[in-house]
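Engineer: Right, I'll just put the structure down here and ask away after.
The values are calculated or read from the model by the stated rules, or taken from the named source; none is laboratory data. Note that the structure is a prediction, hence the values are computed from the model and not measured. Here Cβ is always computed from backbone atoms with ideal geometry, including for glycine, and neighbour counts include all displayed protein chains.
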Amino acid sequence: MLCEKCHINQATTHVKQNINGKVSEMHLCSACAAGLSVNSMFGGGLFGSQASILGSLFGNQISDNRQESQVCPNCGTQLHEISASGRVGCAECYRVFRSYLQPSIRRIHGTAQHAGKIPANKESELTAEQKLKSLREQMEEAIERQDFEQAALLRDQIREAEGKGE
Amino acid sequence: MTEQDMVLTTRIRLARNFTSYPFPAKMSPDQKRALGTAVAQAVENANFGANRLKVISLESLKEWELFALIEKHLISPEFAEHPVGKTLICSEDHTISIMVCEEDHLRIQIILSGLQLQKAYELADKIDDLFESAIGYAFDPELGYLTACPTNLGTGLRASVMLHLPALEGQGALAGLSATISKLGLTIRGTYGEGSEVTGSVYQLSNQITLGISEQHAIQNLEGVVRQLMRQEEDMRKMLYSDHPQQIEDRVWRSYGVLQNARILSGKECDRCLSDLRLGLSLGILPTVTPDTLRTLADQTGAASICVAAGSLLQPEERDNRRAALCREILSK
Ligand SMILES: [Zn+2]
Ligand SMILES: [Zn+2]
């Protein structure tokens, strides 16, 4: 049997990994097993289940839309490549393929609205309206999480932003 | 029992991309080298205390040197797989490592010992600001920091804590806990060797979701669960020790004896013995062993670290001999 990672060497080692209580097994060559055992905790990359889950998520949508051959003009990545690898080719891909990616992004994260750090130079580029929209969504999500402290903080920020707009 | 008895390390990782190039999978080796140079320039004059940053071209390293970097968690196996054009920037004390052209343009990583999520995040944030002002990130008001894989969108933050959980593991309590943990938006990982035991009873607990949650909330959420797990592990250790003092003491001293006397020591056996020593230390069983000794043992006994110390790629048999000699030497000090 060939190594399931490199598909080059003969598999000599049987490795089991446990993620959230689910056990996956692999047959590896000694070189790949060494890489895994020293570092399987880095992110479980060898078992790359994320890529295949993503791929199948995107895949379903793409077959519905029959837009497989659409291409990102910036990096040349095609939609079917994204569905196979679970990875996009460049930042611009998110704009080009947004309507296909958005439902999967929501499924992965439960939302599609950023609530964290904003680069200082990007903050001034956001319109007042975008800022308000982002704040409102963040507040709703905080309420959903029952994080009322954060929600109150956001409510005050919204009031302040609304005041400025008038 | 203290935090240090159960938490080995804290890690923070930020995934970032610039607008100037496509993501690494679509970059040529020359583009990767150029980006490595630009990133190195951005941190050239940065000052992180006494912590000097070194710039390493991955192509210049030998295979076992790459493995040693993986073993110390400074780089990911994926990063080492195709080294052409890639750059690593890391601090001399190994707390800071910046992978250029892993899956994303930048993976900024901080590793601190013990439970120090806030401190680690602050350092990552400071480095992040440097690149932001020098090069400029790919950012979208709705999707946050844009990443090659949509699972990292938003903050691009992966916070994780390495926990030593021998008592919970031994009582089979982790299977039940993992279901609860995944419902809280976290992931717990352990690794099996060829047997059925997780290597050295070490588990990694990390956040899963990065979009729609702020950095602070992700960290607080993780820290809350870590503290709960620590409390349960501590209770379980104390209960086991008071119920079976003889068995626990025998297990700890026996492992100490192996590390002190063995002539052939596999990585797996060494990990298991180290785990027992850690347990013993937390229960006050081993008066002569210090946390520093344990750290030295853990740092130097990895397969790749042994090869680096020897300056050549050793066969497993030779490594096992050297590992045994190394443990005898460290414990005789
Ligand atoms: Zn292989
Ligand atoms: Zn693109």
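Engineer: Does B:S255 satisfy the condition of being out of contact with any His (no Cβ under 9 Å at 6 or more places or on another chain), under 30 Å from B:I306 (Cα atoms), crowded, with 20+ Cβ neighbours inside 10 Å and among the small types (G, A, S)?
Structural biologist: yes
Engineer: Is it fair to say B:I127 is at pLDDT 95 or above and not polar (S, T, N, Q)?
Structural biologist: Considered against the rule, which asks whether it is at pLDDT 95 or above and not polar (S, T, N, Q), B:I127 comes out as no.
Engineer: Something else now. Surrounded by 21 or more Cβ atoms within 10 Å (Cβ to Cβ) and either farther than 22 Å from B:H105 by Cα or within 16 Å of ligand 1 (Cβ to nearest atom) (or both) - does that describe any residue in region A:81-104?
Structural biologist: yes
Engineer: Same structure again: Could you list, in sequence order, all residues of region B:164-183 that are more than 11 Å from chain A (Cβ to nearest Cβ) and within 30 Å of B:E215 (Cβ to Cβ)?
Structural biologist: Within region B:164-183, B:H164, B:L165, B:L168 qualify.
Engineer: Conditions: (1) at pLDDT 95 or above; (2) under 30 Å from B:Q216 (Cα atoms); (3) more than 16 Å from ligand 2 (Cβ to nearest atom). B:P24 meets all but one. Number of the miss?
Structural biologist: (3)
Engineer: Please verify whether region B:35-44 includes one or more residues that are more than 29 Å from A:V88 (Cα to Cα) and either outside any strand (DSSP E or B) or among the β-branched types (V, I, T) (or both).
Structural biologist: Taking every residue of region B:35-44 in turn, at least one turns out to be more than 29 Å from A:V88 (Cα to Cα) and either outside any strand (DSSP E or B) or among the β-branched types (V, I, T) (or both).
Engineer: Also, I was wondering about something else. Within region A:84-98, can one find any residue that is among the basic types (K, R), in contact (Cβ under 8 Å) with a residue 24 or more places away in the chain and facing another protein chain (nearest Cβ under 8 Å)?
Structural biologist: To start, the set of residues in region A:84-98 that are among the basic types (K, R) comprises A:87, A:95, A:98.
Now drop any that are not in contact (Cβ under 8 Å) with a residue 24 or more places away in the chain, which leaves A:87.
Then keep just the ones that are facing another protein chain (nearest Cβ under 8 Å); that gives A:87.
So far as region A:84-98 goes, yes, one or more of its residues are among the basic types (K, R), in contact (Cβ under 8 Å) with a residue 24 or more places away in the chain and facing another protein chain (nearest Cβ under 8 Å).
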